[in-house]
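The values are calculated or read from the model by the stated rules, or taken from the named source; none is laboratory data. Since the model is a prediction, treat every value here as computed from it, not as a measurement. No Cβ is skipped: glycine too gets one built from the backbone with ideal geometry, and neighbour counts run over all protein chains shown. Side chains are part of the model used for accessible areas, which takes the heavy atoms of the whole protein and leaves out ligands, DNA and RNA. Shrake-Rupley method; radii C 1.70, N 1.55, O 1.52, S 1.80 Å.
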Amino acid sequence: MSKMKFAGLVGSLRKGAHSATVMRTLQELAPEGTEIEVLEIGHLPHYDEDLKADGSPQAVLDFAAGLRGADGVVIVTPEYNRSMPGVLKNALDWVSKEPEPPFADKPVAIISQSPGALGGILANYHLRQVLSVMRADFLTGGEVAINGVAGKMADGTITDEGTRKVLTRDLERLAQMVRVVELTRGA
Ligand SMILES: Cc1cc2nc3c(=O)[nH]c(=O)nc-3n(C[C@H](O)[C@H](O)[C@H](O)COP(=O)(O)O)c2cc1C
């Protein structure tokens, strides 16, 4: 049987990003029968309606196709000024205007992180607001907002046991949501 595929989006471009560490940890923890493939977003041009005049840029088409081909999406983001980073919003804006909107009815897990005390919960909720209008099916309740992230990792992975449990549970919930969506589609 083929594996359930999750597309992973990371809202930070910097080398050594805590968000990337969380994503790597999610890849390690992916439940049996599932896998996460990270889709890059840093190379997408700034959204510009004029660039769509002759069809969307190839990078956008490829990104949208990657999302459409995934059974679910996992987003890990930092918080910038109480919202999501522009690079992530830019990626979402591009695909929101594509035909067959890739987020429509797509199961999504939203995870924020911050070295601060609130775990980027406001970015987490901004993302929920934006994904709502794209008709995404995101996990609700038990929001994952990892606070004090810098103290919960070592050697490029999340080592804090409580956080690893929460991440594992979130992926299990996402896989379950994918199964339910597939059942209702009669797949
Ligand atoms: C422009 C900018 C704005 C930030 N705003 C917030 C914020 O509103 N809330 C917060 O908790 N951290 C904020 N931070 C700190 C980030 O959470 C921290 O830099 C984090 O490590 C970035 O994630 P990354 O390691 O994945 O790049 C901000 C950082 C930057 C660069």
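Lysines within cross-link reach of residue 52: Cα-Cα under 23 Å, excluding same-chain residues under 8 positions apart?
Within the straight-line cut-off, residue 52 pairs with 89, 97.
Residues in the range 74-113 near a label at residue 128, defined as backbone nitrogen under 18 Å from the 7 Å Cα→Cβ point?
Backbone N within reach: 74-80, 82-85, 105-113.
What does the charge add up to near residue 119, with Lys and Arg as +1, Asp and Glu as -1, over the other residues with Cβ less than 10 Å from its Cβ?
-2
How large a share of the accessible area of the chain, in percent, is made up of carbon and sulfur atoms when the probe is 1.4 Å and the other protein chains stay in place?
Heavy-atom surface of the chain belonging to carbon and sulfur, 1.4 Å probe: 51 percent.
In nm, what is the difference between 0.36 nm times the number of residues separating residue 3 and residue 166 and their Cα-Cα distance?
56.5 nm is the gain from fully extending residue 3 to residue 166.
Express the C-alpha Rg of the range 19-91 as a ratio against the empirical globular expectation 2.2 N^0.38 Å, rounded to two decimals.
1.28
Could you state the accessible area per residue of the chain in Å², with a 1.4 Å probe and every protein chain left in place?
Computed with neighbouring chains in place, this is 50 Å² per residue.
Report the relative contact order of the chain, percent, no decimals, based on alpha-carbon pairs under 8 angstrom and at least 6 residues apart.
Rounded, it is 24 percent for the chain.
Roughly speaking, what is the stretch gain from residue 35 to residue 52, that is 0.36 nm per residue apart minus the C-alpha to C-alpha distance, in nm to one decimal?
Length gained between residue 35 and residue 52: 2.9 nm.
Between residue 59 and residue 185, what's the calculated FRET efficiency when r is the beta-carbon distance and R0 is 30 Å? Round to 0.05.
The value I calculate is 0.55.
Counting just the Cα atoms, what span does the range 4-184 cover along each of its three principal axes? Round to the nearest Å and put the largest first.
Principal axes ranked by extent give 49, 39, 26 Å for the Cα atoms.
Take 35, 79 and sort them by solvent-accessible surface of the protein heavy atoms, 1.4 Å probe, largest at the top.
Descending order: 35, 79.
Rounded, prolate or oblate: which fits the range 4-55, taking a ≥ b ≥ c as square roots of the Cα gyration tensor eigenvalues, rounded meaning a/c under 1.5, else prolate when a/b beats b/c?
Because a/c hits 1.5 or more and a/b fails to exceed b/c, the range 4-55 counts as oblate.
Relative to the compact globular guide of 2.2 N^0.38 Å, what is the alpha carbon radius of gyration of the range 59-159, as a ratio?
So the range 59-159 has a normalised radius of gyration of 1.11.
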